[in-house]
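Trainee: I'd like to ask you about the structure that follows.
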Amino acid sequence: VNGLSSSILESMQTLRSNILYRNDTKTVSFTSTAPYEGKSVLSFYTAVSFASLSRKTLFIDCDMRKSQIRTYFNLDSQSEVLTGLSEYITGQSKEAIYETDDPNLHVIPCGKCPPDPGGILSSDAFARLMEKVQKEYDHIVIDTPPITVAGDACVVGRNADGVIYVVR
């Protein structure tokens, strides 16, 4: 959150307040129309904002084709050994949740891009993962690809309580 202008911080707090206002909204998915509209940045800072309230928060990176999240969580240095969502869903890894510097914020990186990301995200294994983490976390924030790039956002949205559509 450091380095953001006061107007952006205020907008983030308003977004967070609006999500919190709805008691039935625990899991929020972010998408946009096209790349570079700010959905990854906005989803990241929304997760950070929830964690700053001492809420146990999980960030899930479902943008498997062009993830930007590794850099936000400083995961690039671990990229060779880091497994993620794709490996967990396909049974190649038994764990995909990583701690961050904030004890209230955890992350599931996307992992390696599989041949069929949409197929993985529409699988029963992904639905089971979502059921599991919804029991363990206060808030779940999901970053998905833009809808003009892939239909993944629509598939993931079925597992969320709400979808935030980011427009430049």
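The values are calculated or read from the model by the stated rules, or taken from the named source; none is laboratory data. These numbers were taken from a predicted model, which means no experiment stands behind them. Positions of Cβ are generated from backbone atoms using ideal geometry, with glycine treated the same way; all protein chains shown enter the neighbour counts. Only protein heavy atoms, including side chains, enter the accessible area calculation; ligands, DNA and RNA are left aside. Shrake-Rupley method; radii C 1.70, N 1.55, O 1.52, S 1.80 Å.
Trainee: Given the conditions (1) of a type in the set (D, E, K, R); (2) under 25 Å from T100 (Cα atoms); (3) open to solvent by less than 50 Å² (accessible area, probe 1.4 Å), report the number of the one that K26 does not fulfil.
Mentor: (3)
Trainee: Another question, then. What's the number of the only condition in (1) farther than 26 Å from D24 by Cβ; (2) in contact with a Pro (Cβ under 9 Å, 6 or more places away or on another chain); (3) modelled with pLDDT of 85 or more that L85 fails to meet?
Mentor: So L85 meets the others, but not (1).
Trainee: Tell me whether segment 97-105 contains one or more residues that are part of a loop (DSSP other than H, G, I, E, B), aromatic (F, W, Y) and open to solvent by 20 Å² or more (accessible area, probe 1.4 Å).
Mentor: If we filter segment 97-105 for residues that are part of a loop (DSSP other than H, G, I, E, B), which is where we start, we get 97, 100-104.
If we keep only those that are aromatic (F, W, Y) too, we end up with none.
Within segment 97-105, none of the residues are part of a loop (DSSP other than H, G, I, E, B), aromatic (F, W, Y) and open to solvent by 20 Å² or more (accessible area, probe 1.4 Å).
Trainee: Right, something else. Among all residue pairs at least 6 apart or on different chains, which show Cβ distances below 9 Å where the first residue, located in segment 3-16, is more than 16 Å from V166 (Cα to Cα) and the second is among the β-branched types (V, I, T) and at pLDDT below 75?
Mentor: Pairs found: L9/V1.
Trainee: Looking at segment 118-145, which of the residues that are in contact with a Cys (Cβ under 8 Å, 6 or more places away or on another chain) and more than 13 Å from T27 (Cβ to Cβ) is surrounded by the most Cβ atoms within 10 Å (Cβ to Cβ)?
Mentor: That would be L121.
Trainee: Of all residues in segment 29-55, which are polar (S, T, N, Q), open to solvent by 30 Å² or more (accessible area, probe 1.4 Å) and under 14 Å from H106 (Cα atoms)?
Mentor: Restricting attention to segment 29-55, the residues satisfying the condition of being polar (S, T, N, Q) are 29, 31-33, 40, 43, 46, 49, 52, 54.
Next cut, open to solvent by 30 Å² or more (accessible area, probe 1.4 Å) only: 33, 52, 54.
Listed by number, the residues that qualify are S52, S54.
Trainee: Provide a single number: the residues in segment 113-131 that are part of a loop (DSSP other than H, G, I, E, B) and either within 21 Å of I19 (Cα to Cα) or not charged (D, E, K, R) (or both).
Mentor: Residues flagged as part of a loop (DSSP other than H, G, I, E, B) and either within 21 Å of I19 (Cα to Cα) or not charged (D, E, K, R) (or both) within segment 113-131 amount to 5.
For every residue, the table says whether it meets (1) under 26 Å from Y36 (Cα atoms); (2) assigned to a loop (DSSP other than H, G, I, E, B); (3) at pLDDT 85 or above.
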{"position": "S93", "(1), (2), (3)": "no, yes, yes"}
{"position": "G111", "(1), (2), (3)": "yes, yes, yes"}
{"position": "V133", "(1), (2), (3)": "no, no, yes"}
{"position": "P145", "(1), (2), (3)": "yes, yes, yes"}
{"position": "T148", "(1), (2), (3)": "yes, yes, no"}
{"position": "C154", "(1), (2), (3)": "yes, no, no"}
